[in-house]
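**Student:** One structure coming up, written as structure tokens, with questions to follow.
Derivation of every value follows stated rules applied to the coordinates shown; laboratory data play no part. Keep in mind that this is a model prediction, so the values were computed, not measured. Cβ atoms come from the backbone with ideal geometry, glycine included; neighbour counts cover every protein chain shown.
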Amino acid sequence: MDYKTFLKDKTQLAGQYGFDPLYMPDQAFDFQKHLITWAVKKGRAALFADCGMGKTLMQLAWAENVCRKTGGKVLILTPLAVGHQTEHEAKKFGIDAKRSGDGSLMADIVITNYERLHLFNTQDFVGVVCDESSILKNFDGKIKAAITEFMRTQKYRLLCTATAAPNDFIELGTSAEALGEIGFMDMLGRFFKKADATYCRKQETQAGTYYLKPHATKDFWRWVASWARAVRKPSDLGFSDRKFVLPELILKQHLVTATQKNPDFLFDMPAVGLAEQRAERSRTVADRCKQAADIANGTDQPVICWCHLNSESEALKKLIPGSVEVSGKDSDETKEQKFRAFETGKARVIVTKPSIAGFGLNWQHCAIQTFFPSHSFEQYYQAVRRSWRFGQKQSVQVHIITTEGEQRVLNNLKRKAEAADKMFADIVQHMSNELQIENKEQYKTKTEIPEWL
């Protein structure tokens, strides 16, 4: 082994497991064709593309290429109720894909929910797609382990999500491990350093109790760029944004005065600590729900009412005539029926939680939402993006309803939103820089020098 080969092996850049595309949908935009080509050639890849960028089309095209190349089958794993959207998109683009909830294989591309993976045999497939892959961390250890083990058995693997937890680099490590790159702990040892609490508080690039080594930043992003693409808009890849311009997002904050006074204070004060915040939320359920119901009842347009507590969901259902409530106790079939009722206009208002319906669903027909803030930026981002996504024609109104006691929660959410926006912009910038270097290296050629020189 020569020295150049030794250095190349030390870079840990992702390998090539794929092939040249055999199929490309005519309906795909130029940037989508670029990403499909790259992902098919990689064979094992991650697409961190923002909401409305066409991840469904891209993953279906990727799966179709794998099927045509191998003659085998590909399994697409989706969150609950997203499967029927994927199947509908497949029909629209002329791709044969069918949903299955019992382990049956009715097409070369099989679509199922994450929760039903145990019904399928790994030997029946040659490839797997994880749609909205960032949702994996919401599953318990048993389901997550089963998904990771299933992926390890597949030669071809694709992860798709809009939010790769940009303020948590550790999640990039779990994605890389699922794709068969270096392991999670290997990533920490190579690019990160253990940090004490004082140092962590000073770092924006913290990852749990680890921080990215300053001298390893360039190599880290070069490594990520070798197996992932992060895209917020086509121009991130050098394409035109003309058809991908988001409408205005209008955020309206409603400060509600609690009718039930806090017995521990003469007047309302911002809650300190999780215990006080939970107590504040429970104490103000009726007041906050009334404000949300007034907004929903004051229009004849579709409305999404997001909540976090069962008591909030039940109260909103009673206060908003004709609304449909989707709760955790509903069966999978019931949830899908209610989602479809809202999508088709049979139900004008839907009441649910971001943890239930915050991933993958396309609700561009709705441009009004009410939201009770929490500490989870990802839930807020995903909830808003069900409506505010590419393809939306109207300005989107998000009514954030809070109380004086929850000001710290709202401030924390705003801080996380600003940090996440900066972090994702940094990810795109770092990746763009590495792609420029990568493209230059691809076009390097050896030139013979004339003897007289």
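**Student:** Using a 7 Å offset from Cα along Cα-Cβ at Asp330, what residues in segment 64-106 end up with backbone N under 13 Å from the label point?
**Tutor:** The answer is 80-82, whose backbone nitrogens lie closer than 13 Å to the label point.
**Student:** Moving to a separate point now. Of Trp221, Trp62, Trp38, Trp388, how do they rank once you tally other Cβ atoms within 10 Å and put the fewest first?
**Tutor:** Numbers: Trp221 20, Trp62 29, Trp38 16, Trp388 25.
Fewest to most other Cβ atoms nearby, the residues stand as Trp38, Trp221, Trp388, Trp62.
**Student:** Considering all projection directions equally, how large on average is the shadow of the alpha-carbon convex hull of segment 290-360, in square nanometres? Kindly include the intermediate steps, with their values, before the conclusion.
**Tutor:** Numbers: hull surface 18.0 nm².
Value for segment 290-360: 4.5 nm².
**Student:** If you take the Cα atoms of segment 325-422, find Rg, then find the Kirkwood Rh from the mean of 1/r over all pairs, what is Rg/Rh?
**Tutor:** Numbers: Rg = 14.3 Å, Rh = 14.5 Å.
For segment 325-422, the value is 0.98.
**Student:** Under a crude label model (7 Å from the Cα following the beta-carbon direction), how far is Asp300 from Thr122 in nanometres?
**Tutor:** My value for the distance between the label points is 5.6 nm.
**Student:** Short version: ³J(HN,Hα) in whole Hz for each residue of segment 302-315, in order, from phi by Karplus 6.51 cos²θ - 1.76 cosθ + 1.60 (θ = phi - 60°), x for Gly and Pro, what are they?
**Tutor:** With coefficients 6.51, -1.76 and 1.60, one gets x, 9, 10, 10, 8, 8, 10, 9, 4, 5, 5, 4, 5, 5 Hz.
**Student:** Among the DSSP beta bridges whose two residues both lie in segment 9-241, what percent are antiparallel, rounded to the nearest 5? Don't skip to the answer; put the middle values down first.
**Tutor:** Numbers: 5 of 31 bridges.
Within segment 9-241, antiparallel bridges account for around 15 percent of the total.
**Student:** What's the exposure ranking of Met24, Met423, going from fewest to most Cβ atoms within 10 Å?
**Tutor:** On the way: Met24 15, Met423 18.
The most exposed by this proxy come first: Met24, Met423.
**Student:** Now, a different point. Would you kindly give the portion of the calculated P(r) for segment 249-409 that falls above 23 Å, as a percent of all Cα pairs?
**Tutor:** On the way: 4517 of 12880 pairs.
The share of Cα pairs beyond 23 Å in segment 249-409 comes to 35 percent.
**Student:** Let me ask something additional. Could you list Leu80, Leu119 in order of exposure, starting from the residue whose Cβ has the fewest other Cβ atoms within 10 Å? Display every interim value, and only then the final one.
**Tutor:** Values: Leu80 20, Leu119 13.
Final ranking by Cβ density, sparse to dense: Leu119, Leu80.
**Student:** Show me, for segment 341-350, the HN-Hα J-couplings you get by feeding each phi into the Karplus relation (A = 6.51, B = -1.76, C = 1.60, θ = phi - 60°), rounded to Hz, glycine and proline as x.
**Tutor:** 4, 6, 5, 8, x, 5, 10, 7, 10, 10
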